[in-house]
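The values are calculated or read from the model by the stated rules, or taken from the named source; none is laboratory data. Bear in mind that the values here come from a model prediction, so they are computed numbers and not experimental data. Heads up, the Cβs are rebuilt from the backbone with ideal geometry, glycines too, and the neighbour counts pull from every protein chain shown.
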């Protein structure tokens, strides 16, 4: 009996070892399968990445020539058949091609048992759009045909430092409606000086796109000044748009049924060719000004006395890259003392570029009497309209110093120099000097034994109790961990609320600061951690503290606005209202808590 039991256990052990060996002998399979190797530009591609063992750190290829419509979705299957375990795990992606051609889908990678496995790359051929008469167009197909994001560039071949504008427009067909949109990738304008043209509301206008009637809205306007010649690239703007598209189904009353879908649209990259400024005829004093300008040099007064001051201003006005060049210097005679200029600018940026004026104001102080000419100031700029360099010159300005000492080093033929006064030698030559001084003896008061002496002597002894008291208070504060947390949170709340006020107009920065202020205020007042934040938790805690329902509703509404601001446009007026409401709510909560 015992012998048969040992034999049975041995057979079971051998069977288990054989199963493990079978699993170990089975190779790892990691492959990529495509729904088609050739498809139309209006069709979709399905990619399945399948493995027969579970792995970690899955990394898909770069779908740079496709738009990701869905994915990754993950499916797992596991079963035992005749004592053998089969396992399968699949990552699925749905893609849409962006243009015609043959594109390579690169390798995906996965880590299984510490080893890296990769799939084999595939070539996918994208042909012209195919007719699918027996296939009903999907919601994505309808959205693709009726939703377009376009970047309109004012000039494709500007000069270096010449203004160009980029206007991003979202065109929507009347047959569909857009419910919301949010930017996924704001363009980076490398090698450009850029400035966004902010606006508070989106205005829907009627227009046409590719000869068909459309409604459109301007999403973004930006002015660019290229800082490098040659080919430059304007990165695309990418949006995620939620919209409703019509279907062929009807409701009970015969109305068309709409289906909601989400589309990712991109304006596409735009390439421009920046022309360098011509070297032929470039003046030596050219400082990079490009546009159409005027030069004006003025002084606050033309006649004054020595050691008085006047203001000399060099001003350039017009249209062009006013913030991107250096103003010409003011040259004056050495007998005029000149201080560092104060730079001033009054420039506004419109969709056509910068307009306004910039100036340097110099403070000039003459030292000696005479007439001093301020030579003409020369300013050179490149005019892109004419394609030539133009030079401006101011007139000569004469500064007449009426009264003051005369410099022996200056010979001014135009100045009226009076006859020198000859002082006779003799007894009265130095009569103006006072020879009888009225000196008074300096009397020093004794220090030892005075009240000041005893004050300085006993002051350190009297300060010892005060120092001990301060040290004890500081130690108590340092040991009060909970109180320190509350004080830091309260301080952070005030800091972020102040930051939010400074960021009015910048939606993202404003609502991030406002949300941090609200969170830190709750941490300070309710003694809860950030991880515990939820609207229901906040409502319950505030209700337990007998806070009025109105204040609770206002506080929760502010938190909702901070969340919605990430996905929806908010005007400056709305930001101002939310900031005022936050201040009022915090003040009211302070009184009730």
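Looking at 307, 326, which one is touching a strand residue (DSSP E or B) at 6+ places or on another chain (Cβ under 9 Å) and surrounded by fewer than 15 Cβ atoms within 10 Å (Cβ to Cβ)?
Values: 326 fails: touching a strand residue (DSSP E or B) at 6+ places or on another chain (Cβ under 9 Å).
Testing whether each residue is touching a strand residue (DSSP E or B) at 6+ places or on another chain (Cβ under 9 Å) and surrounded by fewer than 15 Cβ atoms within 10 Å (Cβ to Cβ) leaves just 307.
Give me the residue from the stretch 156-196 that is on the phi < 0 side of the Ramachandran plot, surrounded by 15 or more Cβ atoms within 10 Å (Cβ to Cβ) and not in a strand (DSSP E or B) and, out of that set, modelled with the lowest pLDDT.
The residue in question is 187.
If I ask for residues that are part of a loop (DSSP other than H, G, I, E, B) and either under 30 Å from residue 262 (Cα atoms) or in contact with a strand residue (DSSP E or B) (Cβ under 6 Å, 6 or more places away or on another chain) (or both), which ones from the stretch 55-88 would you list? Can you show your working first?
Within the stretch 55-88, the subset part of a loop (DSSP other than H, G, I, E, B) is 55, 60-65, 82-83.
Matches in the stretch 55-88: 55, 60, 61, 62, 63, 64, 65.
Criterion first (surrounded by 15 or more Cβ atoms within 10 Å (Cβ to Cβ) and either modelled with pLDDT of 80 or more or out of contact with any strand residue (DSSP E or B) (no Cβ under 8 Å at 6 or more places or on another chain) (or both)) does residue 585 satisfy it?
Numbers: surrounded by 15 or more Cβ atoms within 10 Å (Cβ to Cβ): yes; either modelled with pLDDT of 80 or more or out of contact with any strand residue (DSSP E or B) (no Cβ under 8 Å at 6 or more places or on another chain) (or both): yes.
Spelling it out, residue 585 is indeed surrounded by 15 or more Cβ atoms within 10 Å (Cβ to Cβ) and either modelled with pLDDT of 80 or more or out of contact with any strand residue (DSSP E or B) (no Cβ under 8 Å at 6 or more places or on another chain) (or both).
Only one of these is more than 30 Å from residue 372 (Cβ to Cβ) and outside the structural domain of residue 342 (by TED's automatic domain parsing): 319, 269. Name it.
Of the residues listed, the single one that is more than 30 Å from residue 372 (Cβ to Cβ) and outside the structural domain of residue 342 (by TED's automatic domain parsing) is 269.
Which of the residues that make up the stretch 551-581 are modelled with pLDDT under 75 and either in contact with a strand residue (DSSP E or B) (Cβ under 8 Å, 6 or more places away or on another chain) or in a helix (DSSP H, G or I) (or both)? Walk me through it before giving the result.
Restricting attention to the stretch 551-581, the residues satisfying the condition of being modelled with pLDDT under 75 are 563-573.
If the condition is that a residue be modelled with pLDDT under 75 and either in contact with a strand residue (DSSP E or B) (Cβ under 8 Å, 6 or more places away or on another chain) or in a helix (DSSP H, G or I) (or both), then 563, 564, 566, 567, 568, 572, 573 are the ones that fit.
Which residues, taken from the stretch 197-220, are in contact (Cβ under 8 Å) with a residue 24 or more places away in the chain and in a strand (DSSP E or B)?
Initially, the stretch 197-220 is screened for residues in contact (Cβ under 8 Å) with a residue 24 or more places away in the chain, giving 197-198, 200-202, 207, 209, 212-220.
Hits for the stretch 197-220 are 207, 209, 212, 213, 214, 215, 216, 217, 218, 219, 220.
What single numbered condition from (1) in a helix (DSSP H, G or I); (2) at pLDDT 70 or above; (3) touching a helix residue (DSSP H, G or I) at 6+ places or on another chain (Cβ under 6 Å) fails to hold for residue 504?
With respect to (1) in a helix (DSSP H, G or I); (2) at pLDDT 70 or above; (3) touching a helix residue (DSSP H, G or I) at 6+ places or on another chain (Cβ under 6 Å), residue 504 is out only on (1).
I'd like the full set of residues that are part of a strand (DSSP E or B) and within 24 Å of residue 343 (Cβ to Cβ), limited to the stretch 360-375.
Initially, the stretch 360-375 is screened for residues part of a strand (DSSP E or B), giving 360-366, 370-374.
Correct list: 360, 361, 362, 363, 364, 365, 366, 374.
So if I check each of 466, 457, which one is assigned to a helix (DSSP H, G or I), over 20 Å from residue 557 (Cβ atoms) and at pLDDT 80 or above?
Working: 457 fails: at pLDDT 80 or above.
Checking each option against the conditions leaves just 466.
Quick grid of which residues meet (1) over 36 Å from the mean Cα position of the chain (by Cα); (2) loosely packed, with under 15 Cβ neighbours inside 10 Å; (3) in the same structural domain as residue 266 (by TED's automatic domain parsing):
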| residue | (1), (2), (3) |
| --- | --- |
| 51 | yes, no, no |
| 64 | no, yes, no |
| 67 | no, no, no |
| 112 | yes, no, no |
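Go through the stretch 267-295 and count every residue that is under 30 Å from residue 172 (Cβ atoms) and part of a loop (DSSP other than H, G, I, E, B). Give the steps one after another, and end with the answer.
So in the stretch 267-295, the residues under 30 Å from residue 172 (Cβ atoms) come out as 267-272.
With part of a loop (DSSP other than H, G, I, E, B) added as a condition, the list becomes 267-269.
Final tally of qualifying residues: 3.
Which residue, of 209, 216, 225, is outside the structural domain of residue 67 (by TED's automatic domain parsing), more than 25 Å from the chain's Cα centre (by Cα) and buried (at least 17 other Cβ atoms within 10 Å of the Cβ)? Quick ask: steps written out before the conclusion?
Details: 209 fails: buried (at least 17 other Cβ atoms within 10 Å of the Cβ); 225 fails: more than 25 Å from the chain's Cα centre (by Cα).
Checking each option against the conditions leaves just 216.
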